[in-house]
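Read the structure below first, then the notes.
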Amino acid sequence: MLTGRMMDEPLLLTHFLERARTFFPRSEVVDRAPDGSLHRYTYADFHRRVCQLAHALGRLGVAPGDRVATLAWNHHRHLEAYFAVPAIGAVLHTLNLRLHPDELAYIVSDAEDVVLLIDRSLLPLWRQFAARAPSVRHVVVLPDDGPAPEGTLDYEGLLDAEPGHYDFPRLEERTAAALCYTSGTTGRPKGVLYTHRSTVLHTLVSCMADVLAISGQEVLLPAVPMFHANAWGLPYAAVALGTKLVLPGPRLDAVSLCDLIARERVSFAAGVPTIWMGLLAELDAHPDHHDLSSLRRMVVGGAALTPALLEGFSRRGIEMIHAWGMTELNPLGSVARIKPRLGEAGADPDKIRTLRLSQGYAAPFVEQRHVGAAGEVLPWDGTSMGELEVRGPWVAASYFGDAGRDRFTADGWFKTGDVVTIDAEGYLHITDRSKDVIKSGGEWISSVAIENALMSHPAVLEAAVFAGRHPHWDERPLAAVVFKPGKEASKEELTAFLAPRFAKFWLPDDYVVLSQIPRTSTGKFLKTRLREEYGDWLLQGNQPSNAE
Ligand code: AMP
């Protein structure tokens, strides 16, 4: 081998930090406190405070490799931790504040966090599991809704005592930078340990025009929490490019988001579908109340983009970018971009729409394949259904600790647990999460396709289709539906609406009307809960089945 002659500079997050100070000192970070007031500062201020935090953490005894946990909403102090912790070689561990205290106790113990940075507004949550988190030596209070209580370590007080410069170490690029736990809807949550290198590569690719197309010209609002897979890496991208960041704090309801978008002229927003469903309902209900004229792009991920969302926002001139990802992937895996040849003038609009609603094809550096029940690699024919597997430089090679070894294949791929078809162009179509698959009389039914269709019914706000146990067919689809305010539809109307689009045996045997679909801690529909609560629904009555 002839070795090349290029510099072996490590790929470090510290580079983005220094770049922000050097080239974008006047770019802004705006965030909203729980009381609704806005806080605003520049990347120069941000950089100074990151240096102060790095010193303060050192003074608290944080050493390279130590885990520093955060329990915080999206705001500037959390952003400071995103950079200060990895820059000194420690590991930022973002805790999901929507989890149960028992689960948080487990995760903090598993990660052996030594310091916790916590919003003052979340202290009551911490008190519920503090006694079960003996590894935590220091609790530092981020004063989001008032001054830190007496006797606690005050974040601002710690920073004030420190200098605004730091000579950051030149780390090895495989140094761990951040730790996120999977949402663990089945089994215990598992830690995913990202490296500087994986995060830098992920950031560069995310910004590409044919991926998420983030640029310094945007005003970026991550409505995805900073405890959900690093807010999809968006804070790193913003700091790398000098993009104005707008961080929403705890208020993620539709009216508050509309207000923030209008006030700060947000051009690019990102979040899970449930957030955007709420926003769309608000825009439909009060079309003249909100000025969203600045908003041009929206990334939807974490769960499937629905036709109703695609149409509702496209109609308002907002480009919808549908992305698929997982905590195990840093998190971006694929994006539904229309390839140049497929989008040519004269292309069939229905086909384009199907591709936009698909999970797209793998981003650069990510490889995709799907395998059948016997482990055979399946053809990209648009119909063979199998489990999606991926590999690449920002895909987990193993979990933190010893958990989940069965998720990695002997030949170096990660098993995603998503059931997909792949078409001849390489577009992925997720039909289900493997644990959500509905098997009726031995045949698979795609819950995603049916719920998408239901959510395009004019009376339906949200729908989730899940398996109900059935005495004859094993499982039959059941639909949980939430109607829009003031609207409803009968079972017969919903069935008639679906009937032209699906084989009869795919049609739900019954509908459960709810006021909200239960959600996971990251805002996705929690179908396991529906299964637990309504799984026996069809065993109770004697109604005919659509499978007959
Ligand atoms: P998490 O690690 O909590 O973000 O969950 C990852 C899982 O969310 C994936 O394995 C998928 O089941 C689901 N998911 C993420 N993005 C999408 C998407 N665009 N469409 C459908 N499901 C998605």
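Okay, here's what the table says:
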read-out	value
Whole-angstrom Cα spans of the range 138-192 along principal axes, big to small	42, 34, 17
Nearest-0.05 FRET efficiency for Val255 and Asp160, computed from C-beta distance (R0 41 Å)	0.70
Among Ile338, Val300, Trp324 - extreme Cα towards positive end, dipole of the range 259-346, charges at beta-carbon	Ile338
The chain, relative contact order [Cα under 8 Å, separation at least 6], %	10 percent
Cα coordinate range in the range 409-483, projected on the principal axes (Å, largest first)	46, 32, 20
Computed lengthening from Arg59 to His472, 0.36 nm per intervening residue step minus Cα-Cα distance	142.1 nm
Long pairs among Lys339/Lys491; Lys244/Lys351; Lys339/Lys439; Lys435/Lys484; Lys190/Lys339, criterion Cα-Cα beyond 32 Å	Lys339/Lys491; Lys244/Lys351; Lys339/Lys439; Lys190/Lys339
5 angstrom amide H check on Thr431, placed H, neighbours 5+ away	Val419, Val420, Thr421
Relative compactness, the range 264-331, computed as alpha-carbon Rg over 2.2 N^0.38 Å	1.13
FRET efficiency, 1/(1 + (r/R0)^6) with R0 25 Å, evaluated for Asp45 and Ser294 via beta carbons	0.55
Rounded D (µm²/s) - the range 456-548, Kirkwood Rh over Cα pairs, Stokes-Einstein at 4 °C, 1.567 mPa s	94 µm²/s
Stretchable slack from Arg341 to Arg137, in nm (0.36 nm times residue separation minus alpha-carbon distance)	67.7 nm
Antiparallel bridge percentage (DSSP; both residues within the chain; nearest 5)	55 percent
Computed magnitude of the charge dipole of the range 402-548 (debye, nearest 20; Cβ of K, R +1, Cβ of D, E -1)	320 debye
Normalised per residue, the volume of the convex hull around the Cα set of the range 367-442 (Å³)	108 Å³
At 1.567 mPa s and 4 °C, Stokes D of the range 362-503 from Kirkwood alpha-carbon radius, µm² per second	75 µm²/s
Value of [θ]222 nm, deg cm²/dmol, for the chain, DSSP H segments ≥ 4, -39500 (n - 2.57) each, nearest 500	-8000 deg cm²/dmol
q = 0.16, 0.20 Å⁻¹: log10 I(q)/I(0) that the Debye formula gives for the range 305-438, counting C-alpha atoms only	-0.85, -1.22
Scaled radius of gyration (Cα, divided by 2.2 N^0.38 Å) that the range 16-71 gives	1.37
Interatomic Cα distance distribution for the range 311-388, bins of 5 angstrom, percent	3, 13, 17, 22, 20, 13, 8, 3, 1, 0
Compactness relative to 2.2 N^0.38 Å, alpha carbon Rg of the chain	0.98
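Bear in mind that the values in this text are calculations on the coordinates, not laboratory data. Small disclaimer: the values here were computed from a predicted structure and weren't measured. Neighbour counts are summed over all protein chains in view; Cβ atoms, including those assigned to glycine, are modelled from backbone coordinates with ideal geometry.
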